[in-house]
Amino acid sequence: MKLCGDDSVEIEPGAVIRWELAATADSLPVDVPPSENEKFHLDAVRRNGTGGWLALTVEFAEAVAVDDITRSLRRLVDRHEVLRCHFVSSDDEHVRHRLPVGGLRVQPVTGTVLPADPGPAGATGPAVAVTGDSPLADRLVDDIATVCSPFAPLQHYLAAVRRPSSTTVILAFDHCYVDAYSLAVIASDLVDDLSGTKVTQPVSFLDIRMVEDDAPTVAPDDPRLRGWGEFLAANDWTVPEFPLDLGLAHGDTAPVCTEVRTLMCAESAHRFEQTVHALDARTYPALLTAFADAVHDSGGPAELPAILPVHTRYDATDRKAVGWLVGNAPIRLSARGDRGTTLRANTARLGEALPLARIGLTPVYMTFGDLIRTNRSDVFMVSYVDYRRLGLPASVTTRQISSPRRTDTAQFWFWRDADGVHLRARYPETALAHRTMNGVLDAVDHRLRDVWSGGLRHRAG
């Protein structure tokens, strides 16, 4: 999986095919309330008119038949219950509605064929030609923003760009329905289904939601709630924000800029992992340590408070569920001391932070809401996903695309795949932010290189 932003999408020109989803049955209300993430998102969409979407591209080294893609898309939506849901909202609540399995039609959008579908695989279906001079990515991003919505049934964007010897499938969903992990599940499902591999029925997101909703109320003396209180108190009751100046006054925002870097190739990542393990630490906190060190090198604090988004698929049976299953873990990252001591300290802090994501933010705000202060509209966060564990086939290239928006802070996504370790940074589009982030990302690269090259010298010795 590769991560990018809408401003760095590159799709080879070809014939564009769109699929239209239409309900063939009534959607009925279901007694499954929105999750915390869903409610925050739905409130934001109603307040701002948009809440963001996530898109996925899957590259096939063949002209996949349109009819085959149509069948796979229908099975995909039937398989994942959350994709057949939408919300009907009033002033005081959001009610989930659901279409039954088989209650939808998936078909290529009718229109003029310009030119005829170029694929040699016997496919049929209307297409629109896109030449090398056409702003294909810009057009797709605009179309996605128009289509994706949580407030009407089946408002997903499904398309493909076909060429004589390759196909790019583009799937986009309102963020309410998917998280980053979900996109990996969807990509794996699609590739397996098109190759004839049996795709097992996953646990329903709605079933997971009901288990969450039936969980006991978080008690005032819960140690996880106490951990949140200690974190917030240590941060002067302020929600974490990126500590370096990005050229925006409080209250101002700017369009988001996306930068992606490969930090380590697969071999270097393996050496990095071996070196870190030899110091009784782990890869994720080691990446966080390098990041905290880089921010400190650039003028940041020796103790860096941040929020870590972590997926909440705790049971192995939940790993193929599609839905927004993400919690928030608060952590203070140490950026001082010798390497081994700092790596072990941050490894221990990560272990202490992860359980705090299980209680959600609602009890945190209910308990400490009158003390918490927010200076920015966005939250400074650092994420990590190891896509090697998610069953993505090596035979295809997949990309995750995040929607455009405005921001007033910086957010970071580390990820590891078969090609190595990478980092996507999103930050405000200002001249100062560019200079600041270039310095930070260069420092991250230097810190990581120092670790894995040190591991190489140690092994050679």
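Results, tabulated for the structure shown:
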quantity: Around THR50: net Lys/Arg minus Asp/Glu count, Cβ-Cβ under 11 Å; calculated: +3
quantity: Extension gain (nm, one decimal) between HIS250 and ARG406, 0.36 nm per residue minus Cα-Cα; calculated: 54.8 nm
quantity: Prolate/oblate/rounded call for the range 222-342, Cα gyration tensor, a/c under 1.5 rounded; calculated: rounded
quantity: For the range 256-262, Karplus couplings with θ = phi - 60° (6.51, -1.76, 1.60), whole Hz, Gly/Pro x; calculated: 7, 10, 10, 10, 10, 10, 8
quantity: Additional length obtainable on full extension of the chain from ASP91 to ALA394, 0.36 nm per residue less Cα span; calculated: 104.4 nm
quantity: Accessible surface of the range 1-119 [probe 1.4 Å, protein heavy atoms]: carbon and sulfur percent; calculated: 49 percent
quantity: FRET efficiency, ASP419 to ASP315 (Cβ-Cβ, R0 35 Å, nearest 0.05); calculated: 0.75
quantity: The range 1-101: relative contact order as a whole-number percent, Cα under 8 Å and 6+ apart; calculated: 38 percent
quantity: Check: the chain dipole with +1 on Lys, Arg Cβ and -1 on Asp, Glu Cβ, in debye; calculated: 940 debye
quantity: Residue (of LEU225, LEU392, VAL178) at the positive-pole extreme of the chain, dipole from beta-carbon charges; calculated: LEU392
quantity: Spin-label model distance (nm) - ASP280 vs SER453, 7 Å beyond Cα toward Cβ; calculated: 2.9 nm
quantity: Near-label residues of the range 317-360 by backbone N, under 20 Å of a point 7 Å along Cα→Cβ of ALA302; calculated: 331-350
quantity: Cβ-based charge dipole, the chain, positive-most Cα from VAL444, VAL95, VAL141; calculated: VAL444
quantity: Taking the C-alpha atoms of the range 201-269, convex hull volume expressed per residue in Å³; calculated: 300 Å³
quantity: Within the accessible area of the range 313-401 (1.4 Å probe), percent carbon and sulfur; calculated: 52 percent
quantity: Accessible area, probe 1.4 Å, largest first, for residues THR146, THR409; calculated: THR146, THR409
quantity: Contact order normalised by residue count of the chain, Cα under 8 Å, 6+ apart, percent; calculated: 24 percent
quantity: Theoretical ellipticity at 222 nm over the chain - DSSP helices of four or more residues, -39500 (n - 2.57) apiece, nearest 500; calculated: -11000 deg cm²/dmol
quantity: Calculated diffusion of the chain, Stokes-Einstein form, Kirkwood radius summed over Cα pairs, 37 °C and 0.692 mPa s, µm²/s; calculated: 140 µm²/s
quantity: Shape category assigned to the range 133-257 from the gyration tensor of Cα positions, a/c cut at 1.5; calculated: oblate
quantity: Accessible area expressed per residue, the chain, with surrounding protein chains retained (probe 1.4 Å, Å²); calculated: 43 Å²
quantity: Phi to ³J(HN,Hα) by Karplus 6.51 cos²θ - 1.76 cosθ + 1.60 over the range 170-187, Hz, x for Gly, Pro; calculated: 10, 10, 9, 9, 4, 4, 4, 9, 9, 10, 4, 4, 4, 4, 5, 4, 5, 4
quantity: Residue-by-residue Karplus 3J(HN,Hα) for the range 86-103, coefficients 6.51, -1.76, 1.60, Hz, glycine and proline x; calculated: 7, 10, 10, 10, 10, 5, 10, 7, 10, 9, 7, 10, 9, 8, x, 4, x, x
quantity: Dipole of the chain [Lys/Arg +1, Asp/Glu -1 at C-beta], most positive-end residue of VAL260, THR341, GLY300; calculated: THR341
quantity: Hits among aspartates and glutamates - C-alpha to C-alpha of LYS198 under 16 Å, sequence gap 8 or more where chains match; calculated: ASP68, ASP78, ASP189
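The values are calculated or read from the model by the stated rules, or taken from the named source; none is laboratory data. Nothing here was measured: the structure is a model prediction, and the numbers come from that model. With ideal geometry, Cβ positions are generated from the backbone for all residues, glycine too; neighbour counts draw on all protein chains shown. Note: areas computed on protein heavy atoms with side chains; ligands, DNA, RNA excluded. Shrake-Rupley method; radii C 1.70, N 1.55, O 1.52, S 1.80 Å.
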